[in-house]
Each structure stands twice: as C-alpha cells, then as structure tokens.
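See below for the structure under consideration.
Read the figures in this text as sums done on the coordinates, not as results from a lab. What you see is a predicted model; the values in this text were computed from it and never measured. Note that each Cβ is placed from the backbone with ideal geometry, even for glycine, and that neighbours are counted across all protein chains shown.
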Amino acid sequence: MDQPIGGRRSPLNVNWKHLLSPTGNTGDAVFRGLLFISALLMVLIVGAMILALAAKSMPSIRQFGFHFLTSSEWNPVKNEFGALPFIYGTIVSSLIALVISVPLSLGIAIFLVEQAPRQLARPVTFLIELLAAIPSVVYGLWGIFVLAPFLRIHVEPPLQHWLGWLPLFKGPITGIGLLTGGIILAIMVTPIISAVVRDVLAAVPGSQREAALALGATKWETTRVVLVNGAPGIAGAVILGLGRAIGETMAVTMVIGNRAHISASLFESSYTIASVIANEFTEATQDLYLSALVELGLILFLVTFVVNAIARVLVWNVTRKMSGVGNA
Amino acid sequence: MTTLTALCTLVAVGILLIILIYIAMQGIGSLSFRFLVDSPRPVGEGGGIGNAIAGTLVLLGLSAAIGLPFGIAVGVYLSEFGEGKFGSLVRFLTDTLTGIPSIVTGVFVYTIVVVPLKHFSALAGGIALALIMIPIVARTTEEMIRLVPQSLREGALALGAPQWRTTLGVVIPAAASGIATGAMLAIARISGETAPLLFTAFGSRFFSYYLDQPVASLTVQIYNYAISPYDEWHAQAWAATLVLMTLILSINIIVRIFTRKRF
C-alpha cells in the first residue's frame, strides 16, 4: 500500500491503475477491470447477435428485399420466401392473447393490491407466479391434449352457432388454430402482465388513495384514481406482455396448426414467425431457405427489442417517479 | 367490483390447478424406476427418459458454469460501478435481453457455434441456455447487492480494506442468499427451455456425455413425443412432464421458503 492518500494525487502518479480505479490499488484495478470486461461483453453479445443474424440473412435480404415482408408465398421447393402469413399469424395470435389477458391481469392486480387482505394476497401472488414458471412445452402438451379438444367440443361449436355470420368464426372446427394459439398465449402472458401491473399499482403513493377517499370517493372510484395514475406503467405492462406473446414459440407451435396461409377465420390453422423457425430450421438444407429463416429470426429480434425497450421505459418512469413522490 | 376482480384471480389460479392436477394424473401412470433410468426404445417396447434426465443435467451444469460467474460479475458491476452512462446502457441492454425470444437465442448460437463446429452439440445448447440465464442472474444480483446497507461498505473501507476486498469479502457474502435465490430461479427457468435447444443441443436417443455431440433433454423429448402419433409416447411425454414439473416446482417452492424469512 504505497499509494498516496486521496487528495494528494498529482498528474505524475496517474498510471494504468488510476485509469481503472480511482483508488489506484492494484487489486482494485484488476477487480474493476474484470467486472468492466464482463459488462462490456454484455454489450458485445447484443451487438454480435445483430451482426450474426444480419450476416446470415444477407442472401435472403438481397434476393427478396422488402418483398419478403409483403409476399405471402412460402415455398421452399420453388425457393420463394415471403413472410406475410407468419407476420399475420403472429399479430393475430398476440392480439387474441392481449384481448383476453389484459382485462384478466388488471382484475388480478387490482384484487391483489387494492382489495385482498395481505394474508390472502401473498399466497395467491405466489400461485400466479407459478403460472409463469410452467415451461412453454408443457403448455403446448396441455394445449394439444386438453385445451384443443375442449375448445373443439365445448367452445367453438357454440361460437360458430351464434356468431358464425362473422368471418372470424367461419370454417372447419378442429380445435387447432389461431384461437387455440391465442388462448394458450393469454394464459402464458397473464402472470407477466399482472406482475408488472401489481408493481405499478403498488408504486402509486398511498397519499393518492387517501386524497380520493377523503374527497368522498367510493372504494371503486379510488381504484380508478390509482389506475389513472399508473396508466403509463400499465401500458408498459401490456406492451411487455405483447413482446412475450410475439416471441413465444413452443406452445404456439404445438397448437396453431403450422400452415402458412392467411385467413380471416380464427378457427383456421396458421403459423407464427417463431413457430416456423422452430419447425423448419433443421429441415432447411438450402442456403436461401436457411437464410430466409434467419431473417425471420432477425425480424423477431428487432421487433421484440423495440417493444421491450418501449415497455421498460414506460414501466421505469412510473415506478421510479412514483416511489420518488412517495418518499418526499 | 370486488367480485369481478376476485373472479379474475380465481380463473388464473383455477387454470394453474387444472394444469398441475392433470399433469400429475396423466404422468403418474407411466412413471416407474425403469422409466427414469432407461433410454428411449421403439414404440411398443417401453423405454424411458434416463438419457434425457442426464442430458438436461449436463446442459444445466454447463450453462450454470458459464452463466453464473458471468451474470454475477455483470450484476456486481452494475450495482457497484454502474452509475454512469455506460452502466445505464448495460442495464438497459440486460433488461431488454431478458425479453428476447429464446428461439432467437437458438438461431444466434446456431450461427456462431453450430455452423463453425459443423454439428449440433451439448456445448452449443449450454451456451444458448447460458445466454438466457446471464441477464436474469445479472439483474437479480444487482438488486440483491443494492439491498446491502451502505454502512457495511463504509465500515469495511474505513478499516482499510481495498474496494475489491470490501466487495468480495463483505458485500457479496451479505447478499449471498439473495444471489443464490436468483441463480436458482434462473436455473428453474432455463430447465424448461425447449426452443433454444432444438437446433443447438438437438436431442439424442442415447446416453451421451460428450460436449461436442448432440445431447438429449427432457424438454425436447417431451416435444418430440407430444407431436408424435403414438399413444404410448404421449403417455411418456406426460410422465416426463411430471418429472420436469417436479424439478421446477421444487426449486420455486424451496426459494419461496428461503425468501419468506428475509422479507
């Protein structure tokens, strides 16, 4: 320990150790250097992901350009690759998932944060978190053998009977298709959305609730005040759920039918970006076919990256700002 | 209104219970000691998931060996030195990485590991799982270390300990149980991953411990059996699911019991 005590540091004894660590201690410099390298690797991994995926999808990008996104022809035999059916399937199944899971998650979060007594809220929160711990492939297995037959027998026939005049509910009833995929996704994203909404609601300061109650608001009106306060964070939670739904692979692959075509009917089989990669990647022997699949992966990466970034910013803003207000 | 929100909660909990009970009922029938140690056989001859259990353990060990030190190092960096712009960037990228679909990670590892080595391998599968694990471990480590009181650091520094000894000898041990919790949850999470293994570890019908060879895993085996046309394999898929869920649920419940004491 022959280092000068802090404050007496002159430009003369600035060396590599000081560059790495303000204390100038050798151990500190090495330690901090190692940690910095790990953190830097984290950034490099993200960069490498983009580069590797982009490089491998170059043949497909060169061959098809923007046409890749608008063509609905996916024909490996003729070397024609268009991603539109997968984009359609991904968007529609994710939307079905959100339509079901957003109200459900809001209900769960409101119940657990605003209404349920603590002794009940804690174990129930744990149970709902367990839903998120079930692996995708297990949801898929359950989807094939339990959910799909259930929908085929008990849900889809009445839907077609009463709402069959809508193009959404026309077509053959098989239990396999967009609707089943969407419902499985809804179950899978509900614990994620409700967990984030719970955090957001819990971050809304108690003074907001007290103010509303003091003005004579009912319990439900108070909850509405809380919801309005947490709105950006709730939006973030929904977008986070959307990101998960877009990228979810195994469960959807197992119940959506895996057929590359576009149909207005929710009963028809469909295909998502993630499931076509899972299903056809090991079969792709020609370079262009593989390249088209990697390009789908690149699209998935970029879309989920942007979606997640937006969600994080929204959620961070609310939970940080609110807890700041709460402490003041 | 309370009725409605309680109903939402009941639906979610109900679905969980239905799924878990169904797995237990379907799985228990095909479960036997032989099933747990045997390797797969052709339809009609029984067979088991011993190779898949061994393969999953190999993959988990490999990814933990790569992912845990790396993830913890990133977490320590973020909590101790991550105040500046670079720290925010790393934190942001780590958070967004947790949301990247695992199938994309699989494609990435395929292009950087499988293609150069020219075949599927346990190593590629382990790397793919490690990449999923790192951001989870990093963020939980950071959060846990932030809970360590500042006075503890100041105490160690005041006694003349350099920063590295303060962090390694005082701060990390104080947060150790939290870091271990995060690590276990991350392992539970990756033990259920299938998509990133499909074209990295690929799967195998034999016992294999070579890191440069394809290796079986519980999840991929469940997937292959589930989409097969044979009833016998469907039954085996349920039994394998029961084994996998037992592993995952026990980790979650153990973590729950340990964390209840502290918070």
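Observations on the model:
- Rg and Dmax, both from the Cα atoms of segment B:100-188 and both in Å, are 18.2, 55.
- With 5 Å bins beginning at zero, the pair-distance distribution over Cα atoms of segment B:182-263 amounts to 3, 14, 19, 20, 18, 12, 7, 4, 3, 0 %.
- Mean Cβ count within 10 Å, highest first, over the residues of peptides A:63-72, B:12-21, A:285-294, A:235-244: A:235-244, A:285-294, B:12-21, A:63-72
- For the residues of B:12-25, the average number of beta carbons from a partner chain within 10 Å of their own beta carbon is 5.
- A Förster distance of 25 Å, applied to the separation of the beta-carbon atoms of residue A:37 and residue A:313, puts the FRET efficiency at 0.35.
- Shape annotation for the protein assembly as shown: C-alpha extents along the principal axes are 82, 70, 55 Å, from largest to smallest.
- For the pair residue B:146 and residue B:246, the difference between a 0.36 nm per residue extended length and the Cα-Cα distance amounts to 32.8 nm.
- Three-way shape label, segment A:67-327, alpha-carbon gyration tensor, a/c 1.5: prolate
- Around the Cα centre of the protein assembly as shown, unit charges on the Cβ atoms of Lys, Arg, Asp and Glu (plus for the first two, minus for the last two) sum to a dipole of about 1380 debye.
- Chain A: calculated mean residue ellipticity at 222 nm from DSSP helix runs of at least 4, using -39500 (n - 2.57): -22500 deg cm²/dmol
- Among the trypsin sites (Lys or Arg not before Pro) in segment B:156-220, those placed in a DSSP loop whose Cβ has at most 16 other Cβ atoms within 10 Å are B:205.
- Centroid-to-centroid, using Cα positions, segment A:151-177 and segment B:54-78 are 46 Å apart.
- Charge tally around residue B:102: other residues with Cβ under 13 Å, Lys/Arg +1 each, Asp/Glu -1 each, net 0.
- Cα-based convex hull, segment B:123-263, per residue volume (Å³, whole number): 126 Å³
- Gain on full stretching of the segment that runs from residue B:258 to residue B:159 - 0.36 nm per residue minus C-alpha separation: 32.4 nm
- Long-range Cα-Cα pairs in segment B:49-146 (distance over 20 Å), rounded percent: 44 percent
- Helix screen, chain B: DSSP H segments with Cα axial length of 24 Å or more and mean Kyte-Doolittle hydropathy at least -0.5 are B:2-30, B:50-81, B:122-146, B:172-191, B:231-262.
- Percent of Cα pairs exceeding the 30 Å cut-off, where the set is segment B:54-218: 26 percent
- Counting Cβ atoms of other protein chains within 10 Å of each Cβ in B:229-241 and taking the mean gives 2.
- Taking only alpha carbon atoms, segment A:23-132 gives an Rg to Rh ratio of 1.23, where Rh is the Kirkwood radius.
- Counts of other chain beta carbons within 10 angstrom of each beta carbon in peptide A:141-148 average 5.
- Under 16 Å from residue A:170, Cα to Cα: aspartates and glutamates that are on another chain or at least 8 residues apart: A:156, A:268
- Residue order for A:249, A:125, B:98, fewest other beta carbons within 10 angstrom first, comes to B:98, A:125, A:249.
- Restricting segment A:157-213 to chymotrypsin sites (Phe, Trp or Tyr not before Pro) that sit in a DSSP loop and have at most 15 other Cβ atoms within 10 Å of their own Cβ leaves A:165.
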